[in-house]
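Engineer: Provided herewith is a single structure, encoded as structure tokens, for subsequent inquiry.
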Amino acid sequence: METAIDIRPKFSLGRLFITSGAIDSLNDDDISEGLSRHLCGDWGDVCGEDWAENERALRDGSRLFSVYRSKESGKGFWVITEHDRSVTTVLLPKEY
């Protein structure tokens, strides 16, 4: 039996910012895939508690936080959407 995946956006990204470290370390496909997954509620490699917190944030308007890895290099990166959904940032953990 197949599981259906909801690929509809769950919120607005607002203005998009990508840090210089992320630009230097990630390719366009990594960034695009991370943003797509984040937008559709696939929070990536977060722990169960953070996953549940993101699900609550969809309802109450809190910050959204996702963790992904580059397919090519395995380098981890974060995607964070602010509580008011005005800004989404792609960054490396060391840039936080």
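Engineer: Any chance segment 7-26 includes a residue that's farther than 18 Å from Thr89 by Cβ, modelled with pLDDT under 95, loosely packed, with under 12 Cβ neighbours inside 10 Å and of a type in the set (D, E, K, R)?
Structural biologist: Yes, segment 7-26 contains a residue that is farther than 18 Å from Thr89 by Cβ, modelled with pLDDT under 95, loosely packed, with under 12 Cβ neighbours inside 10 Å and of a type in the set (D, E, K, R).
Residue-by-condition table, conditions (1) at pLDDT 95 or above; (2) within 14 Å of Pro9 (Cα to Cα); (3) of a type outside the set (Phe, Trp, Tyr):
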{"residue": "Gly34", "(1), (2), (3)": "yes, yes, yes"}
{"residue": "Trp51", "(1), (2), (3)": "yes, no, no"}
{"residue": "Ser70", "(1), (2), (3)": "yes, no, yes"}
{"residue": "Gly76", "(1), (2), (3)": "yes, no, yes"}
{"residue": "Val87", "(1), (2), (3)": "yes, no, yes"}
{"residue": "Leu92", "(1), (2), (3)": "yes, no, yes"}
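Engineer: State the number of residues belonging to segment 52-96 that are assigned to a strand (DSSP E or B), aromatic (Phe, Trp, Tyr) and free of Cβ contacts under 8 Å to residues at least 40 places away in the same chain.
Structural biologist: The qualifying residues number 3.
Engineer: Just need a number here: residues in segment 34-49 that are in a helix (DSSP H, G or I) and surrounded by fewer than 17 Cβ atoms within 10 Å (Cβ to Cβ). Even if it seems obvious, please write down each step before you answer.
Structural biologist: The first filter runs over segment 34-49 and keeps only residues in a helix (DSSP H, G or I), leaving 34-39, 48-49.
Imposing the further condition that a residue be surrounded by fewer than 17 Cβ atoms within 10 Å (Cβ to Cβ) reduces the set to 36-37, 48-49.
Result for segment 34-49: 4.
The values are calculated or read from the model by the stated rules, or taken from the named source; none is laboratory data. Remember, predicted model here, so these are calculated numbers, not experimental data. Neighbour counts run over all protein chains shown; Cβ positions are idealised from the backbone, glycine included.
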